[in-house]
Each structure stands twice: as structure tokens, then as C-alpha cells.
Amino acid sequence: MNERALKTLEYNKIVERLAGYAGSALGREKCNKITPLTDPAVIRQLQTETSDAVQRVFQKGTVSFSGVPDVRASVKRLEIGSTLGAGELLKISSILTAALRVRNYGIAHREKSVSHKPAWKLEQERAAAKAKADAAGLTEVPEEEMEETDSLTERFVALAPLSPLNNEIQRCILSEEEIADDASPGLKSVRRAIKNTNDKIHSELGAILNSGTNRTMMQDALITMRNGRYCLPIKNEYKNQFQGMVHDQSSSGSTFFIEPMSVVKLNNELRELAVREQEEIEKVLEELSHQAGNHTEELAADQSILTELDFIFARAVLSKAMKATEPKFNTNRWINIKKGRHPLIDPHIVVPTDIFIGKEFDLLIITGPNTGGKTVSLKTVGLFCLLGQSGLHIPAAEGSELGIFHEVYADIGDEQSIEQSLSTFSSHMTNIVRILDQADNDSLVLFDELGAGTDPTEGAALAMAILTHLHKRSIRTLATTHYSELKVFALSTEGVSNACCEFDVATLRPTYRLLIGIPGKSNAFAISKKLGLPEYIIESAREFIGVSEQSFEDLISNLESDRIAIEKEREQANALRLEAEAFKKKWLEKNDRLDAAKEKVLQRANEQAQEILQETKDYVDETIRKINKMSQSSAGKDIEFERSLLREKLSEKDSKLAVKAAKKPVGPVKEGYEVGDSVLVLSLNVNGKVSTAPNAKGDLYVQIGSLRSLVNVKDLEPAEETETEEAKPKNRTAVGAINMAKTMTIASELNLIGMRVDEALPVLDKYLDDAYLSHLPKVTVIHGRGTGALRDAVHSHLKRTKYVKTFRVGEFGEGDHGVTIVEFKK
């Protein structure tokens, strides 16, 4: 893109704002170098990255890139085996700390799910993940693989925090001037020796200071240091009497700083220890540099990735600040900006505008009064194209669309030059000549006040000729003007459209709305009249306007009136539509509430029915057990009493159900039952055989399995003789059929091997019921050894079962711990 257009459209001001959101020096440098691109794939990739970063900012907030230094020179030195200083190593630590912080921010872990993999498989996977994390220097190992959610995840995953190296640097180096004592055993030993030597020196010097003979010689009772050696301040007159080495004297000459002979050896040792300390520090720095040198590729990658992410998130924060959206791009050079807002105008006063060009016309001529927003519209289109092609979002509504242009040319503003003796017209024409020479089909051309600054007739003619030339070459062009001739040109030329900036005559203020398809009106007479110009002067002025010009202005006025009326009707229609949608939404919500209430009532009814059925089942089971027990003692009257109670209980529960099964129509009662006839006992819904002839009351005995029951003929119905299987219920009552003829051939063992606990318990429960009703004294449950979970679940269930007397683990020959022997109550 040409620099002139970037400056004219104030692209550099947006770049400055962008750089202000970067956290690192390299990030700001990258922001300042941003330029519009022309490759559609690269542009879309940049836009996607910006959108993904915006989404992360809204979800998690911003991430800080401050404290990311430039370590490229240090990495180069490490590559050739140099030793870094403490300050450089601290910069390495800073970039690794930032890498860890940014990585933790960016990586999203999938929710942990319950795994059904074997324990050895899980352990194997954890070991592999840990080895991979240790190689990358991660502090934590995610149990699940990381999920790529957007275009930035790959960068976050590629960051290598190198935590072991970072921790070692932070442990050894406290600041640029201080190395930790425990950075190495040698350094710790030397510093301990230095401390001991210092203590000895201070002890010796303290004894000298406290000596009565030496006290008069002292200028001050303090220990000082000169040239790295401990000394005492001695008065000038005693310098020859005090035994020691003179290292310095005061500026007045009254004090000499003398090292006592008794500490000379200790000071020498201290100097030697200082040299050894420096050697140990060099070893520590050399070792840390060696460790860092093994990761130069990771360090260089971290530097590059952090800079790139800083640049991307700066674009995201700028997008959020401008309330911008991602535009769509096309290669047809179409522009469709919806509710566009110029980013450099105060967001509280800027008026959104709709601008489109390219599909139906490639030349847009904008007219209207000064300060009405014509120039802002031009700059908005040009600046949006530059921002979009730079990977930045544009402050416009969702669905805005931009074409991709190789060049944007703009001739906007007063560019007269006194130094070059160029007038306003000459300056504009010089720029226009350059534009006409360089523009092609992939260019966007913007003209402000085309043809201004010279004779209006000639200026209008030149403007029409220039626009016609560009129109014939299908170059997308937007131009502003005051010339009426250009309005007529737009109306009479195919592929050219008029547009105007709306002006409110009542308030004498522009509304800054761009109306495409309608030519603008100067409104000079209306404005003059509003400002107090006499009516007769305005009427006189009208006489100087030709009939055709007056008719054209009247046409524009009529179009404006019609447009306002149509917009009012549209607003009313929209209001009615919104009201209808509100009513529809309210009706749908009410309908949903009714459906929910209905569902709730049905659910409650089903729950109550289930409770009744369960209660009845328990009562029936208990009654059957009593009957079986009584049948063994031949207590006939007691059996009949229990049967009558059972019938009453079933009738009571059946009457409580809201929905009853439709009963089969009952035909004439058959009275001539003979012994051996197959019958259906309606009250119990089971089949049996007649064992005695009916008496005078119609009562007879029916053999039902192993039971013999007294039943009235009204409760009987002939059964079909052709059924080979056990008769199925033909008319289920709401409490369900009660199988009174449980087979006596049920197996004496149950195999649960291969089942999970949640699968095995229902099977076990049903088997125990069947076995108990079949009078089996004891059964065997095979659950296998395994982990013992299934066995424990079986034992826990047996403890809760009322009719289980005892249970035990199998003995030798019975299956050992793989089976459980269950004994029922009698």
C-alpha cells in the first residue's frame, strides 16, 4: 500500500493505538510494522486468529505479556557456548515464567470422564504422558489430552516453560548482583569461610579498639575498610607508634587508615577467599548457561511465539475497545459495510452508516452540504479496507463484507504547497494524475471534492471525464462533490449511483446518515431563510436559476419527502412486527408452561401408580408365602381366609388407580363346568383346572399349580385348550399379573461371572425371588474371585434380603471363594 493513502486515511493512528495494547517491546515492534496484505488466505487466517483471541478475552479476560524481554542475543551466545551473566540468565528466567503463565492461560483441558480402561493401561498412559511432560519441562501433567479449540491452541501448546531450568535459575540467582549461597556446595563453603574470617577480623579489631593503650590513638572508635582491607582510623601524631600498614589518609591529613599487623594475614586470607568466591560464581553461571544452552531451540521458539501471541492479543483488545467485528472477505471487490463507525470519532457521538458498492454499481457519487459527513464516509470505507486486510476487526455490525484491494488511493483534504507554488487545485490535480496512472482493477479510489478549486463549469467537466475513465475500467471509486452536473451524470449512467448525507433543515444540522440512491440537495435557500435572509431576496435568487435546475431540485425535494414517508411507514411496520413477535413468544412460553405442567402431573400420577404396584407386590408376595406355609399344614380355612384378604387388597388397590385397563366384555356365565376343564380365574388372572363339580351356590375347587382354591363359577372363564405354553394374561389389572404357578424346575445355581455390579444385582434379586417361591432350601451364587467387588456387592444384597436365613463362602469342593451358598428361611 502507498504511504500517502495510509497517512491520508489516518491508518497510522490506529497502528499507534494497537501498539499501546502490546505488553512487550517486541510485541509493540511487531504492531508498528503491521501493513495491509493482499493474500486472501493469509488475511482470513489473521482475522480468525483475532476472532479467537477476542473470544478468549471475553471468556477469561486478558493475559499479560509484560516482562517478556528480548533474549535473542543471549540465545545466540548460548549457541556458540558462551557463558551468560546473571542479568542475562534472569532474562531467560523471565521469558520462561511468561511462557508458563501464557501457556496455562491458553490451554483448555477437557472435563475428566470416568474411564473403564484397565488399571495397567491407565498407568501406562500416565507414564507416557509424564515422560512427554518432563521433556517439555511442564510442571503439571494433564490426565486427558488437550483439546484444540481454536487457531491459537497450537501456539499455546508449543510453548515450553522449561520449568526445571527456570526453577534452577531462580534458586541460584537472587538478583543481578547476588548469587544464592546454596547455588553450589563450593560457593557455600567459601562463603562460610569468608564469614568466619570476617568474624575473626572483627574480633581482633574489636580487641584493639577496646584496649586502653590504643584508645587514645584512635580518631574514632570504628572499623573501616580501605582498598578491600579492614583498617582502623589512627590520629596523625600516632601513625608511627601504631604497628601496621597505611592504606589511606583523610583529606585533611589528620587521620591515617592503618591495617594492624595482627589482621594482615586474616585480610590476606579474606582477599584469597574473595577470589575463590568469584571463581565459584563463574562456575555456577557456567553450569546454568550450559543447561540453558541445551534448550536454545525452545528458548528461541518461546520468544517467537510469545511475540506473536502478544501481537494477536493486542489486535483482540483493540477489537474489544472499538466494539468491532470480523468482516467477511471476497475477491469480487464488493464492499458492504453495515452500521460502520469511524474508529477515530468519539464513540458517544459517532453515527453508524451503511455503505455498499460493487454489486450493482462500481461508482458512488456522494453529495450534500459541508460538514455533513461526506468526507467521513470516504475515510470510513478506505480505512476499513486497510484495517481488514491487516487482520484487524472493523467497528461495524456483524455480516459486513469487504473486497480485497491491492492498492487504495485517496485524494482527500487541502494539500496546497507554498514551497512548491501549488494551489489547491494544482495540488489535487497532481495527485489525481498519479492515481490515474497507477490505478487498476484491483484498486480502490477515493476522491474528496473532485474538480473543486477552479471554475465550476470546467471543474464539473473534468470531474465527469475522470469518473467516466475510471468507470470504464471498472475501478471501484467513491467521490464527493457539490456539482449538480455530477448528480445528473449518476442518474443517467448505468453502474453509477448517487448518495447523499442527510440534512435536517428544521435544526440546520446534518444527521450524518448516508442515503445511497438519493442525490443530495444543497439546501442553500432553506438554510438562508432559516437564518433570516429576507424572502424577497430568496425569491430573486430563484429567478436566476434555470427552469431545468429548479425542476431537478424540486424532484430531489419530492424524493426526499417520499423517502421520509416511506421510512416512517417502515418504522411502523417494524413496530407491528416486533409486537407480533412478542405476542408469539409469549404464547409459545405459555404453551411450554402448560406442557411442562401436564408432564409434571403425568409424572406424579405414574409415580403414585408405581408406589401402589410396589405395595401390592409386597403384600401378594407375603400372602403367597403364608399360603405355601399353610398348605403344608393343611389349614384349609386359613388358606381361604388369606385368599379372600388378597382379593380385597387387589380390589382396593385397583380402585385407587386413575386409569384402569379396559375389561373384556363378560358373556353369559357358564354353569356346567366339569372336572378337568381348563379355566381362567378372573380375579387372579391365572389358569387352572376344575377339580370338583360346582355345588348349589356355584362354588367349586380349582387346581392352580400345587394349590387348590375354592372359586365361584362367576369368577371363571373357559380357557383355550390349544395353548401349549403357560396361559398369558388376557386382561391385565393395573396391579399386574401374579404368577401363582412358579415353575418348580428352577436351577439351583446362578452364574454372575462377566457381569458388572449394576448388571448383576437385578438378575440376582429376581433369581432369589424365584428360588424362594419355588421352595428351594438353598442355592449357589457363582460370582468368581476377581477383585472381590462383585462378591462384596452380592453379600451386601443378601444381608438386606429378608427371606435369606444365612449365607457363606463356598468350601473346598463347592467353589471356594468364587461362590456363595445361600440358605432361605422356611
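The values are calculated or read from the model by the stated rules, or taken from the named source; none is laboratory data. Predicted, not measured: the structure shown is a model, and the values here were computed from it. For neighbour counting, all protein chains shown are included, and Cβ atoms are generated from backbone atoms with ideal geometry for every residue, glycine included. The area values use the complete protein model at the heavy-atom level, side chains included, leaving out ligands, DNA and RNA. Shrake-Rupley method; radii C 1.70, N 1.55, O 1.52, S 1.80 Å.
So that you can scan it fast, the table gives a plain yes or no per residue for (1) within 51 Å of the chain's Cα centre (by Cα); (2) among the hydroxyl-bearing types (Ser, Thr, Tyr); (3) surrounded by 14 or more Cβ atoms within 10 Å (Cβ to Cβ):
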{"site": "782", "(1), (2), (3)": "yes, no, yes"}
{"site": "786", "(1), (2), (3)": "yes, no, no"}
{"site": "808", "(1), (2), (3)": "no, no, no"}
{"site": "815", "(1), (2), (3)": "no, no, yes"}
{"site": "825", "(1), (2), (3)": "no, no, no"}
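Just to be sure I understand, how many residues within region 707-727 are farther than 13 Å from residue 691 by Cβ, modelled with pLDDT of 65 or more and in contact with a Ser or Thr (Cβ under 9 Å, 6 or more places away or on another chain)?
Result for region 707-727: 4.
Can you tell me which residue is modelled with the lowest pLDDT among those in region 348-372 that are surrounded by 24 or more Cβ atoms within 10 Å (Cβ to Cβ) and out of contact with any helix residue (DSSP H, G or I) (no Cβ under 7 Å at 6 or more places or on another chain)?
So, considering only residues that are surrounded by 24 or more Cβ atoms within 10 Å (Cβ to Cβ) and out of contact with any helix residue (DSSP H, G or I) (no Cβ under 7 Å at 6 or more places or on another chain), the one modelled with the lowest pLDDT is 372.
Go through (1) free of Cβ contacts under 8 Å to residues at least 60 places away in the same chain; (2) of a type outside the set (Gly, Ala, Ser); (3) in a helix (DSSP H, G or I); (4) surrounded by fewer than 19 Cβ atoms within 10 Å (Cβ to Cβ) and name the single condition residue 440 misses.
(3)
Counting only residues that are open to solvent by less than 30 Å² (accessible area, probe 1.4 Å) and in a helix (DSSP H, G or I), how many does region 76-92 have?
Adding up the residues that qualify gives 5.
All but one of (1) at pLDDT 80 or above; (2) within 27 Å of residue 487 (Cα to Cα); (3) within 49 Å of the chain's Cα centre (by Cα) hold for residue 564, so report the exception by its number.
Going through (1) at pLDDT 80 or above; (2) within 27 Å of residue 487 (Cα to Cα); (3) within 49 Å of the chain's Cα centre (by Cα) one by one, residue 564 breaks only (1).
Being within 13 Å of residue 824 (Cα to Cα) and open to solvent by less than 30 Å² (accessible area, probe 1.4 Å) is the filter here; which residues of region 743-780 pass it?
The answer is 767, 768, 770, 771, 774, 779.
Just to confirm my filter: which helices (runs of 4 or more DSSP H) fall fully inside region 1-75 and include at least 2 residues that are touching a residue at least 60 places away in the same chain (Cβ under 8 Å) and within 30 Å of residue 334 (Cβ to Cβ)?
Ranges flagged: 3-8, 11-20, 40-60.
Would you check which residues across region 751-794 are charged (D, E, K, R) and assigned to a loop (DSSP other than H, G, I, E, B) and list them?
756, 785
Scan region 62-76 for residues that are under 23 Å from residue 21 (Cα atoms) and among the small types (Gly, Ala, Ser) and jot them down.
Within region 62-76, 64, 66, 67 meet the criteria.
Rundown of residues vs (1) more than 60 Å from the chain's Cα centre (by Cα); (2) loosely packed, with under 14 Cβ neighbours inside 10 Å; (3) modelled with pLDDT of 80 or more, yes/no style:
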position	(1), (2), (3)
190	no, no, yes
193	no, no, yes
208	yes, no, yes
213	yes, yes, no
218	yes, no, yes
221	yes, yes, yes
227	yes, yes, yes
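Among the residues of region 37-62, which ones are farther than 30 Å from residue 6 by Cβ and open to solvent by less than 60 Å² (accessible area, probe 1.4 Å)?
61
Filter region 325-342 down to the residues that are in a loop (DSSP other than H, G, I, E, B) and open to solvent by 20 Å² or more (accessible area, probe 1.4 Å) and list them by number.
326, 331, 332, 333, 334, 341
Looking at 545, 612 in this structure, which one is surrounded by 11 or more Cβ atoms within 10 Å (Cβ to Cβ), of a type outside the set (Gly, Ala, Ser), at pLDDT below 80 and under 30 Å from residue 489 (Cα atoms)?
So the residue among 545, 612 that is surrounded by 11 or more Cβ atoms within 10 Å (Cβ to Cβ), of a type outside the set (Gly, Ala, Ser), at pLDDT below 80 and under 30 Å from residue 489 (Cα atoms) is 545.
Which ones in region 273-284 are surrounded by fewer than 16 Cβ atoms within 10 Å (Cβ to Cβ), acidic (Asp, Glu) and touching a residue at least 60 places away in the same chain (Cβ under 8 Å)?
Matches in region 273-284: 282 only.
Here is a check on your reading of the model: is residue 108 open to solvent by less than 80 Å² (accessible area, probe 1.4 Å) and at pLDDT 90 or above?
Considered against the rule, which asks whether it is open to solvent by less than 80 Å² (accessible area, probe 1.4 Å) and at pLDDT 90 or above, residue 108 comes out as no.
Among the numbered conditions (1) closer than 22 Å to residue 622 by Cα; (2) touching a residue at least 24 places away in the same chain (Cβ under 8 Å), tell me where residue 781 comes up short.
Every listed condition holds for residue 781 apart from (1).
Collect the residues in region 229-244 that are loosely packed, with under 15 Cβ neighbours inside 10 Å and either not charged (D, E, K, R) or not in a helix (DSSP H, G or I) (or both), keeping them in residue-number order.
The answer is 236, 240, 241, 243.
What residue, of 259, 308, is open to solvent by 10 Å² or more (accessible area, probe 1.4 Å) and either touching a strand residue (DSSP E or B) at 6+ places or on another chain (Cβ under 6 Å) or in a helix (DSSP H, G or I) (or both)?
308
Any chance region 285-292 includes a residue that's surrounded by fewer than 16 Cβ atoms within 10 Å (Cβ to Cβ) and not in a helix (DSSP H, G or I)?
Checked against the condition, which is being surrounded by fewer than 16 Cβ atoms within 10 Å (Cβ to Cβ) and not in a helix (DSSP H, G or I), region 285-292 yields no hits at all.
How many residues, within region 684-718, are surrounded by fewer than 18 Cβ atoms within 10 Å (Cβ to Cβ) and either under 60 Å from the mean Cα position of the chain (by Cα) or part of a loop (DSSP other than H, G, I, E, B) (or both)?
Residues flagged as surrounded by fewer than 18 Cβ atoms within 10 Å (Cβ to Cβ) and either under 60 Å from the mean Cα position of the chain (by Cα) or part of a loop (DSSP other than H, G, I, E, B) (or both) within region 684-718 amount to 9.
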